[in-house]
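Computed from the coordinates by the stated procedures, all read-outs in this text should not be read as laboratory data. On a predicted model such as this, the values are computed, not experimentally measured, just so you know. Note that each Cβ is placed from the backbone with ideal geometry, even for glycine, and that neighbours are counted across all protein chains shown.
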Amino acid sequence: MKFMFLILMISMYGCSSRKLEKDYKVVDASSEDIPEWVSNLDEWIEDEEKDAKDHKYYIYTTEAKNSRATACEIAKARSASNIAAEISTFIKQSLAQSKTGDPTLKNKKLAEYVQDDLAKEVQAFVVGAQNYKEYWEKKRFLKEKGAEKDWDGYTCTSLVKISKKLLKNAFDRSEKTLVQKSDSNLKEVVKNIMQDASKAYTNL
């Protein structure tokens with residue numbers, strides 16, 4: 001009986017929540033409540049976005065900056081650059097996990113391109129991204145709460161929305177570049193991998 005009681009107490013302690021102390025307080029914000037798209041993007045998309053199946057969404061929140069404008073410009077730029085980063089990572093994984101074998105292992109030039117230049121190229125191919133929503137907070141950091149100093153900083157969250165058709169165009173252009181850089185015996189393999197990757201990523 002004592003053993004069961006001990007197990008129960010350990011279980012209760014392990015599941016108990018803890019309250020984290022913040023070193024700031026929010027003194028201003030672009031809306032009174034934190035928007036659902038910030039706190040739970042997937043649920044917000046399911047509840048609010050009627051054309052979600054035709055689009056993808058990318059979100060980024062900055063660390064605190066001295067200027068609200070600076071924070072929001074960074075958030076917009078980073079949420080958009082997340083598109084290229086995610087696509088290039090997806091392409092790398094698709095090449096590496098191909099059932100016909102990783103073509104980059106057989107082609108040094110292609111491997112170097114995928115490793116060093118693919119993300120930059122995809123960034124150039126991604127056009128039509130829409131800065132869809134924005135939310136900012138002004139935070140007052142307090143030394144007495146554990147902050148390094150007393151100061152006001154701004155954080156900003158940006159949501160980018162882009163059509164899957166535009167993303168498919170980015171895949172198509174990436175495919176052409178990758179095929180061009182492939183050895184002749186690998187061109188068809190790379191083409192098939194990229195077409196499968198495009199379908200898997202965009203569901204088109």
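Taking the Cβ of residue 159 as the center, what net charge do the other residues with Cβ under 10 Å away carry, scoring Lys and Arg +1 and Asp and Glu -1?
In short, +2.
Given labels modelled 7 Å from the Cα in the Cβ direction, how far is it in nm from residue 53 to residue 34?
3.2 nm
Quick check on my link table: of 53/191; 76/161; 92/187; 133/168; 92/191, which ones sit more than 19 Å apart, alpha carbon to alpha carbon?
53/191; 133/168
Give me the distance between the Cα centres of segment 53-81 and segment 147-166, rounded to whole Å.
After rounding, the separation between the Cα centres reads 4 Å.
At 222 nm, what helix-only mean residue ellipticity would the chain give, in deg cm²/dmol to the nearest 500, using -39500 (n - 2.57) for each DSSP H run of four or more?
Result for the chain: -16500 deg cm²/dmol, rounded to the nearest 500.
Quick one: length gained pulling residue 86 to residue 124 fully straight, 0.36 nm per residue minus the C-alpha distance? Provide the component values of the computation, followed by the final result.
Values: separation 38, 0.36 × 38 = 13.68 nm, distance 1.39 nm.
Between residue 86 and residue 124, full extension yields 12.3 nm more.
Mind checking the full-extension length gain between residue 108 and residue 183? Use 0.36 nm per residue of separation minus the Cα-Cα distance, one decimal, nm. Intermediate values should be presented prior to the final figure.
Working: separation 75, 0.36 × 75 = 27.00 nm, distance 0.98 nm.
That works out to 26.0 nm of additional length.
With angles folded into 0 to 90 degrees, how steeply does helix 187-202 sit against the dominant principal axis of the chain? Use alpha carbons for both and round to 10.
So the inclination is approximately 30 degrees.
Angle check, please: helix 164-180 long axis (alpha carbons) against the longest principal axis of the chain (alpha carbons), in degrees 0 to 90, nearest 10.
For 164-180 against the chain, the angle is about 50 degrees.
Which one is right for this structure if mean projected area of the Cα convex hull in nm² is calculated from it: (i) 17.7; (ii) 18.3; (iii) 14.9?
From the options (i) 17.7; (ii) 18.3; (iii) 14.9, the structure gives (ii).
In segment 83-185, which GluC sites (Glu not before Pro) fall in coil by DSSP and have 16 or fewer other Cβ atoms within 10 Å?
Those satisfying the criteria are 148.
Using alpha carbons only, how many angstrom separate the centre of segment 184-204 from the centre of segment 86-102?
Spelled out, the Cα-based centre of one part sits 9 Å from the other.
On a 0 to 90° scale, report how tilted helix 2-15 is relative to the longest principal axis of the chain, with both axes built from alpha carbons and the result rounded to the nearest 10.
70 degrees
For segment 33-88, what does the alpha-carbon gyration tensor say about shape, rounded, prolate or oblate, given a ≥ b ≥ c as the root eigenvalues, a/c under 1.5 as rounded, and a/b over b/c as prolate?
Here segment 33-88 falls in the oblate category.
Using a Cα-Cα cut-off of under 17 Å, which aspartates and glutamates could be cross-linked to residue 145, ignoring same-chain neighbours fewer than 8 residues away?
The reachable aspartates and glutamates, counting only those whose Cα sits under 17 Å from residue 145, are 21, 23.
Based on the alpha carbon coordinates of segment 24-145, what radius of gyration and maximum Cα-Cα distance (Dmax) apply, in Å?
Answer for segment 24-145, Rg first and Dmax second: 19.2, 60 Å.
Among the trypsin sites (Lys or Arg not before Pro) within segment 79-122, which fall in a DSSP loop and have no more than 16 other Cβ atoms within 10 Å of their own Cβ?
Hits after loop and neighbour filter: 99.
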